[in-house]
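One structure below.
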Amino acid sequence: MGITGIGLKARHTAELLAGRPGLRFLEVHAENYMGAAMGSGGPAHRWLTALRALYPLSIHGVGLSLGGAEPLDTDHLADLAALVERYQPEWVSEHLAWCRIDGTYLNDLLPIPYTTASLSLVADHIDQTQTALRRRILVENPSSYMAFPESDWPEAAFLAELARRTGCGILLDVNNIHVSAHNVGLDAGAYLAALPANAVEEIHVAGHEPVTHEGRAVLLDTHGAPVTAAVWDLYRQALTRFGPVPTLVERDANIPPLAELLAEAATADGIAVTLFGGEVPDAHAA
Amino acid sequence: MPTLLERQRGLRDWVLAAGGAPPLANAGLHRDNILGGLATVLAASFPVLHRLVGEACFTGLAQAYVRHQPPREAPLSRYGTGFPAWLAGQEVARQLPYLADVARLEAAWTHAYHAPEADPLDPAALTALGDAVEDAAWRLHPSHRFITSPWPVDRIWRANQPDAGDGAVDLGTDGDTHLLVVRPAAEVLLIRLRPGAFALLMALGAGLSLSTAWNNALALDADFDLEHELTGLLAVQVFTGVELP
């Protein structure tokens, strides 16, 4: 068994159930299986139940708004806790970002300025979440396009301090580091060095696309293209520092045939094998 | 410097307003992602509407609706519940008068798709009641929705599925179209009912007894055949229980 998983997409469900390729885990977005009056039944839950019997699961939240200036939505948190109880995932993760203000939900992972005040707020929200879920969560670094003049913490130091204060783990998205390095001027190598070696428990790799926005060249975190060579290089550096950490090949747009995703998963496993030895499962050699 | 709360309210206000200077460089990337992402969510929930009006028109409608009624919760499976009613007030719905009813049907389909599971009525429970069945209350599957329209929205819906051909839809009807949308198992069913059967099921769904519901059906359709219609409804497993009051 390798270290790599993929995101579960409806169009791949039948093929996964029939072929059962060797994958370390499947990841789903929590909100696709949540909702107060709806969301407890239907085909999506039937498929997830069947696949959960075959694979470990990672539940990845995109809507909790850990970085929101308003209190966490306790209904959302209770829904998330029920989902976690039902499917018993190996990991639960969320983002260092906000998406909700005055009860309006903006479906994006919006960055926050890194200040001592925002650090306390996010740490309180992580504590509240871990208490409600009765388990540790992993917190993911965002992709950044906007630079806040009031930020006085480097992002990596901010994440490291969150992990220290709350005991949460870190979900390291190396594509996001690469994208943010280009867009707002981070040093990717210094970023990896600033994180505690034992706090990174999952890694994401994904594709991005170069665009021009208002005359500036920007790398857009689309999850809609294959992983680039530069991101694989950074991934190699991350594994070298953090060890053979379970890794997700993340694709949420332009979803390719399953075989293509499995081939990308095999690339990640191949890098791990080069660094740490072991064998890549045949099922990945698509 | 603005506080975190001011930052977040400022970005929200700018994203949902049309125009004005961005609060920070590149904020437009987030605005485009939010509006574009929610238009994509609505297109996934209203695929027939999307096909009927086309990509450009749909995106314009969807983004206007997002600004009018942004989501109130992170799970987006229910987002767009209010879209058909809002759409009914738009110019395009005056040009295509069946459009809002097609949207209502698609919202019902989405509701049914995500609804909780429930076991179908056990025929033995029905038999055990004997003649008392006339006074019993019936429970309908939580996925069910009723749609009535002066347009043949089921024919419009079927003709605009991805695997449908290019055949024209006959918009003529002899009276209203009555539809039941329900998901008793894995598949969402779209069932056209005669007016009597529709009245019977509406009455049972409202908690009325079978004898009252039967009278409602007969009032609409003098030839209403209870045994025949009930057999058909039991076969599609729209009921989940029957019990004496």
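The values are calculated or read from the model by the stated rules, or taken from the named source; none is laboratory data. Remember, predicted model here, so these are calculated numbers, not experimental data. Here Cβ is always computed from backbone atoms with ideal geometry, including for glycine, and neighbour counts include all displayed protein chains.
I'd like the full set of residues that are within 14 Å of chain A (Cβ to nearest Cβ) and either in contact (Cβ under 8 Å) with a residue 40 or more places away in the chain or assigned to a loop (DSSP other than H, G, I, E, B) (or both), limited to the range B:7-46. Full working, then the answer.
Filtering the range B:7-46 down to residues within 14 Å of chain A (Cβ to nearest Cβ) leaves B:7-17, B:21-45.
Of everything in the range B:7-46, those that are within 14 Å of chain A (Cβ to nearest Cβ) and either in contact (Cβ under 8 Å) with a residue 40 or more places away in the chain or assigned to a loop (DSSP other than H, G, I, E, B) (or both) turn out to be B:Leu16, B:Ala17, B:Ala21, B:Pro22, B:Pro23, B:Leu24, B:Ala25, B:Asn26, B:Leu38, B:Leu42, B:Ser45.
Could you tell me whether the range A:139-147 includes any residue that is more than 20 Å from A:Gly185 (Cβ to Cβ) and buried (at least 18 other Cβ atoms within 10 Å of the Cβ)? Yes, some residue in the range A:139-147 is more than 20 Å from A:Gly185 (Cβ to Cβ) and buried (at least 18 other Cβ atoms within 10 Å of the Cβ).
Out of curiosity, is B:Ala56 away from chain A (no Cβ under 12 Å) and either part of a loop (DSSP other than H, G, I, E, B) or more than 18 Å from the chain's Cα centre (by Cα) (or both)?
In short, yes.
On the stretch given as the range A:21-40, residues that are within 8 Å of chain B (Cβ to nearest Cβ), closer than 24 Å to A:Gly169 by Cβ and without any contact (Cβ under 8 Å) to a residue 40 or more places away in the chain total 2.
Across the range B:171-187, which residue is modelled with the highest pLDDT among those that are hydrophobic (A, V, I, L, M, F, W, C) and assigned to a loop (DSSP other than H, G, I, E, B)? The extreme case among them is B:Ala185.
If the condition is being more than 17 Å from A:Glu202 (Cα to Cα) and either among the hydroxyl-bearing types (Ser, Thr, Tyr) or crowded, with 22+ Cβ neighbours inside 10 Å (or both), then the range A:245-261 contributes only A:Leu261. Need the failing condition index for B:Val181 against (1) more than 14 Å from chain A (Cβ to nearest Cβ); (2) of a type in the set (A, V, I, L, M, F, W, C); (3) under 17 Å from the mean Cα position of the chain (by Cα), just the number. Against the list (1) more than 14 Å from chain A (Cβ to nearest Cβ); (2) of a type in the set (A, V, I, L, M, F, W, C); (3) under 17 Å from the mean Cα position of the chain (by Cα), B:Val181 comes up short only on (1). Taking the condition of a type in the set (Asp, Glu), assigned by TED's automatic domain parsing to the domain that holds B:Pro123 and over 20 Å from the mean Cα position of the chain (by Cα), does B:Glu187 pass? Criteria not met by B:Glu187.
Here A:Ala97 clears all of (1) touching a helix residue (DSSP H, G or I) at 6+ places or on another chain (Cβ under 6 Å); (2) more than 9 Å from chain B (Cβ to nearest Cβ) except the condition numbered (1). Within the span defined as the range B:82-96, one or more residues are farther than 30 Å from B:Asp13 by Cβ and in a helix (DSSP H, G or I).
Filtering the range A:100-135 to residues that are within 12 Å of chain B (Cβ to nearest Cβ), assigned to a helix (DSSP H, G or I) and free of Cβ contacts under 8 Å to residues at least 40 places away in the same chain leaves A:Thr116, A:Ala117, A:Ser120.
Pick from A:Ala253, A:Ala263, A:Ala238: which is closer than 30 Å to B:Thr40 by Cα and modelled with pLDDT of 95 or more?
Numbers: A:Ala253 fails: modelled with pLDDT of 95 or more; A:Ala238 fails: closer than 30 Å to B:Thr40 by Cα.
Answer to the selection: A:Ala263.
Which residue is farthest from the other protein chains (Cβ to nearest Cβ), if the candidates are limited to the range B:65-82 and must be touching a residue at least 24 places away in the same chain (Cβ under 8 Å) and closer than 19 Å to B:Ala18 by Cβ? Steps first, please.
At the first step, the residues of the range B:65-82 found to be touching a residue at least 24 places away in the same chain (Cβ under 8 Å) are B:66-67, B:70-71, B:76-81.
Imposing the further condition that a residue be closer than 19 Å to B:Ala18 by Cβ reduces the set to B:66-67, B:70-71.
Details: B:Val66: 10, B:Arg67: 11, B:Pro70: 5, B:Pro71: 4 Å.
Taking the candidates together, the pick is B:Arg67.
Quick check on B:Ala168: is it part of a helix (DSSP H, G or I) and not assigned by TED's automatic domain parsing to the domain that holds B:Gly60? Answer is no for this residue.
When you scan the range A:41-51, do you find a residue that is free of Cβ contacts under 8 Å to residues at least 24 places away in the same chain, small (Gly, Ala, Ser) and on the phi > 0 side of the Ramachandran plot, even just one? The answer is yes, given that some residue of the range A:41-51 is free of Cβ contacts under 8 Å to residues at least 24 places away in the same chain, small (Gly, Ala, Ser) and on the phi > 0 side of the Ramachandran plot.
Would a scan of the range B:83-90 turn up a residue that is modelled with pLDDT of 95 or more and within 26 Å of A:Leu121 (Cα to Cα)?
The initial filter retains those residues of the range B:83-90 that are modelled with pLDDT of 95 or more, namely B:83-90.
After this cut, where a residue has to be within 26 Å of A:Leu121 (Cα to Cα) as well, the list is none.
Taking every residue of the range B:83-90 in turn, none turns out to be modelled with pLDDT of 95 or more and within 26 Å of A:Leu121 (Cα to Cα).
Name the helices (runs of 4 or more DSSP H) wholly within the range A:169-285 that hold at least 3 residues that are within 17 Å of A:Glu27 (Cβ to Cβ) and touching a residue at least 24 places away in the same chain (Cβ under 8 Å)?
Values: elements: A:174-184, A:188-194, A:229-242, A:258-276.
It comes to A:174-184, A:258-276.
Within the set A:Gly167, A:Gly185, the sole residue that is modelled with pLDDT under 95 and more than 22 Å from A:His223 (Cβ to Cβ) turns out to be A:Gly185. Every listed requirement among (1) under 30 Å from A:His29 (Cα atoms); (2) modelled with pLDDT of 95 or more; (3) crowded, with 21+ Cβ neighbours inside 10 Å is met by B:Ala56 save one, (3).
Restricting the search to the range B:99-121, which residues are surrounded by fewer than 18 Cβ atoms within 10 Å (Cβ to Cβ) and in contact with a strand residue (DSSP E or B) (Cβ under 7 Å, 6 or more places away or on another chain)? Show your work before the answer.
Here is the first cut: in the range B:99-121, the residues surrounded by fewer than 18 Cβ atoms within 10 Å (Cβ to Cβ) are B:116-117, B:119-120.
Answer for the range B:99-121, where residues must be surrounded by fewer than 18 Cβ atoms within 10 Å (Cβ to Cβ) and in contact with a strand residue (DSSP E or B) (Cβ under 7 Å, 6 or more places away or on another chain): B:Asp119, B:Pro120.
Can you work out which of the residues in the range A:72-99 that are part of a loop (DSSP other than H, G, I, E, B) and touching a residue at least 60 places away in the same chain (Cβ under 8 Å) is surrounded by the fewest Cβ atoms within 10 Å (Cβ to Cβ)? Filtering the range A:72-99 for residues that are part of a loop (DSSP other than H, G, I, E, B) and touching a residue at least 60 places away in the same chain (Cβ under 8 Å), the one surrounded by the fewest Cβ atoms within 10 Å (Cβ to Cβ) comes out as A:Glu90. Has the range B:105-120 got at least one residue that is away from chain A (no Cβ under 14 Å) and either out of contact with any helix residue (DSSP H, G or I) (no Cβ under 9 Å at 6 or more places or on another chain) or under 25 Å from B:Phe146 (Cβ atoms) (or both)? The answer is yes; a qualifying residue exists.
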